[in-house]
Protein chains: 2
Amino acid sequence: MDNVTIKDIAKALNLSTSTVSRALRGSYEINAETKRLVMEYAERLNYRPNPIALSLKENRSRAIGVIVPQIANYFFSQAINGIEAIAYNRGYHVIIFQTHESYEREVVNMQQAVSRRVDGLLISLSSETSDVTHLRELQDQGMPIVLFDRVSSELNATQVVADNFKGAFEATEHLIWSGRRRIAHLTIPPYMSITQERLAGYRAALEKHGIAYDENLVRYGTFGPDEVGPMVDDLLAQNPRPDAFFTASDRLAAGCLGALQKRKLRIPEDVALIGFTNMNVAELLSPPMSTVVQPAQEIGQVAVERLIELIERKQKAAPPSVIKIPTTLIARDSTRTVVE
Amino acid sequence: MDNVTIKDIAKALNLSTSTVSRALRGSYEINAETKRLVMEYAERLNYRPNPIALSLKENRSRAIGVIVPQIANYFFSQAINGIEAIAYNRGYHVIIFQTHESYEREVVNMQQAVSRRVDGLLISLSSETSDVTHLRELQDQGMPIVLFDRVSSELNATQVVADNFKGAFEATEHLIWSGRRRIAHLTIPPYMSITQERLAGYRAALEKHGIAYDENLVRYGTFGPDEVGPMVDDLLAQNPRPDAFFTASDRLAAGCLGALQKRKLRIPEDVALIGFTNMNVAELLSPPMSTVVQPAQEIGQVAVERLIELIERKQKAAPPSVIKIPTTLIARDSTRTVVE
DNA sequence: AACGTTATCGGGAACGTTGCCGATAGCGCA
DNA sequence: TGCGCTATCGGCAACGTTCCCGATAACGTT
């Protein structure tokens, strides 16, 4: 392998390791000629400082851990994209952990990250996670933590999220403006932060337009497979039937669309549909699907920037806060106003 | 932070560090009672061995580098999913690098991975990469390397790919069976391995059915934005017009579908369309799109398994080989046989 | 002439862990 | 009694790097 060390250089040039070390870092107390010699020789041998030795000495790894439910998911893969870009520019590398929506694996991943000595942690909570004491304890021990997307107000940490309330409010109002009155809301487990914020936005829009909130129109998914069909059936069985669906995720939006198609309901004639999503093929769906776009990449970028600030400035960094990144509503055919 | 070391335990228990070390690893030459004491104390203090110190000592990092063009891409995010799952079970962590389809960044990423002292490298080549001497040199220095998906026969390394030839052959034959004769092929840069294999499968299917290969029906994309529309236009301007499109990637398939829709061509009545893709929403597109499914996750899993074998058994591992994972053709509405 | 200063470099410890080599005591056996 | 063996443990070096403390010589200053 590659193994040229500072010792090799020292031996070859008949110098001590300390001199070589200082020459390489350009210390002022090394003779210019000596510096040149060392630099040239190091260059010629393609010397690269060993980051592991550095880590041991400085007690830091220049690595940040990223814990997400799933990589193979539009939102998270884009967020990781943003994270990676910033992190590498700042000299950190990114270690990925997946929880697969399991609380248990989240805890295990967290411990793994700790024993890997990551300098900081970026976390999007699993859907099973309601208790965050594991994170609070870690934070109390001094580990910099930033939450993104799936956050928890139980934790006094910086949190970076889409403006879920506003996004949901706009989506719901958009449906109302297009003439719908019975708007169903398909969402994810109720104890999750994003669920509550989106639900609140949904309710606020209904209220603003004088539509009573009907809890029978709200269904909570569990990330299980094949669960969307029955939920949609159940909602459609009501009388009067819902005339619009507002879904809270990529997965639910696609599943809902499939379920509606299977049941031969015309979109947007029979029901309208709008999702909270990042799918870049939403435009190509049948019909083109209206969406509230979450700025996944930007969320990742902002989150990692805050984390690095936390790592490098420690107690001097900005106090914990909640950062909301605006969403964008894109109206397409699935929510077109239908004139009778 | 967490910092309990083997020294702390030794001091507290009035033992030497070596004894503690051996007790922790269950060495036979340590008194059972002493072992118990050490184990219990370590447990109580939540001792975790410092992997950085281990890495320095053993000259290995228990990390594998994964270099891909893009994380935010169906295929690669699923592949990384598979990689992550296996790697963690085997005690390795995964460090992600993105080339963004740039040769230059690929080289830089490779160097970064090396200076991070990864134990092995998993690479899917950028579309710009035609020269692989940077990888060959690294390999010559003893770094275990496994290529996946975007591979190169210039490198004597284990390569894990989808069965591109067979997949393309089946897709083309499927189009022929559905009654098409002028089958256009939208693909990616010609020097890439997957391009050539898919093109060969396409040609072989044409030949088998007595259809002359027409190079005017083949177009090579460059991963640039908004390039698909003009390519499609150009193809459609021919006389006679193509009656089917076979695309070589997720991006091209979606772009082609959008372009055809924009030009008001009916699918499958006017033209058929089949893609090489992993999009799980292909069924929801308009119309539902036929696809050749690449087993992304399995490719990742197999690749990382081979890499770990290479890392741990070194010269004793299996010699380099090309492993082909079968694809699956899913016929949907976009290639339905149209009766005139 | 004695001293302080400056420029330039080396020695050694330390980060946390493991492994080699020894050291000690207790014991059995001839 | 003396020898060797086993069981049990400690000391030390090493991995690659940085940093603190000295060391040395060549000066200038009083």
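Taking the charge dipole of the protein assembly as shown about its Cα centre, with +1 at Lys and Arg Cβ atoms and -1 at Asp and Glu Cβ atoms, the residue from B:134, A:83, A:278 reaching farthest to the positive side is B:134. Annotation: the antiparallel percentage among DSSP beta bridges lying fully within the protein assembly as shown is about 10.
Output, in nm with one decimal and in ascending order, the distances from the residue B:33 label point to the matching label points of the other copies (7 Å from Cα along Cα-to-Cβ). Here the equivalent label points are 6.7 nm apart from this one.
Roughly speaking, what is the stretch gain from residue B:108 to residue B:8, that is 0.36 nm per residue apart minus the C-alpha to C-alpha distance, in nm to one decimal?
Computed gain between residue B:108 and residue B:8 is 31.9 nm.
Note on residue A:263 and residue A:43: their simple-model spin labels are 7.1 nm apart, each label 7 Å out from Cα toward Cβ.
Taking a ≥ b ≥ c as the square roots of the eigenvalues of the alpha carbon gyration tensor, the protein assembly as shown is oblate, as a/c is not under 1.5 and a/b does not beat b/c.
Close amide H partners of residue B:273, meaning residues 5 or more places away or on another chain with modelled amide H under 5 Å apart, are B:245, B:335. Taking B:93, B:134, B:185 in turn, the Gaussian network model of chain B (Cα-Cα springs below 10 Å) assigns the largest fluctuation to B:134. Residues whose amide H lies under 5 Å from that of residue A:93, counting only those 5 or more places away or on a different chain, are A:63, A:64; hydrogens are built 1.01 Å from N in the peptide plane. Amide H contacts of residue A:160 (H built 1.01 Å from N, in plane; Pro and chain starts excluded): A:147, A:148, A:149, A:323 sit under 5 Å, all sequence-distant by 5 or more or on other chains. Going 7 Å from the Cα of residue B:237 toward and past its Cβ, which residues in region B:148-192 have a backbone nitrogen under 14 Å from where you end up? No residue passes the distance filter.
Considering only chain A, the C-beta nearest to the rotation axis that sends A to B is found at A:286, 2, the distance in whole Å. Per-residue shielding of A:76-84, expressed as the average number of other chain Cβ atoms within 10 Å of the residue Cβ, stands at 5. With a Förster radius of 51 Å applied to the C-beta separation of residue A:181 and residue A:25, the computed FRET efficiency comes to 0.15.
Secondary structure note: in chain A, about 10% of the DSSP beta bridges are antiparallel. Once C-alpha pairs closer than 8 Å and six or more residues apart are averaged by separation and normalised to the residue number of chain A, the relative contact order reads 18 percent.
Nearest 10 degrees, 0 to 90: what angle lies between the long axis of helix A:193-208 and the longest principal axis of chain A (Cα atoms)? Tilt relative to chain A: about 40 degrees.
For chain B, the longest principal axis of the Cα atoms and the long axis of helix B:296-313 meet at an angle of about 40 degrees.
Using a 10 angstrom Cβ neighbour count of at most 16 plus a DSSP loop assignment to flag exposed chymotrypsin sites (Phe, Trp or Tyr not before Pro), which longest range of chain B is free of such sites? Segment B:29-190 is the longest. FRET efficiency for the pair residue A:322 and residue A:137, taken as 1/(1 + (r/R0)^6) with r the Cβ-Cβ distance and R0 = 25 Å, rounds to 0.70. Here residue B:140 yields copy-to-copy label distances, from shortest upward, of 5.7 nm, the label point defined as 7 Å from Cα along Cα to C-beta.
I'd like the mean, over residues of B:139-147, of how many other protein chain beta carbons sit within 10 Å of each residue's own Cβ.
Values: counts 0, 0, 3, 2, 2, 0, 0, 0, 0.
Neighbouring Cβ atoms belonging to other protein chains average 1 per residue here.
Since every read-out is calculated from the coordinates, none of them should be taken as a lab result. All of these numbers come straight from a predicted model, not from anything done at the bench. All Cβ positions, glycine included, derive from the backbone under ideal geometry; neighbour counts span all protein chains shown.
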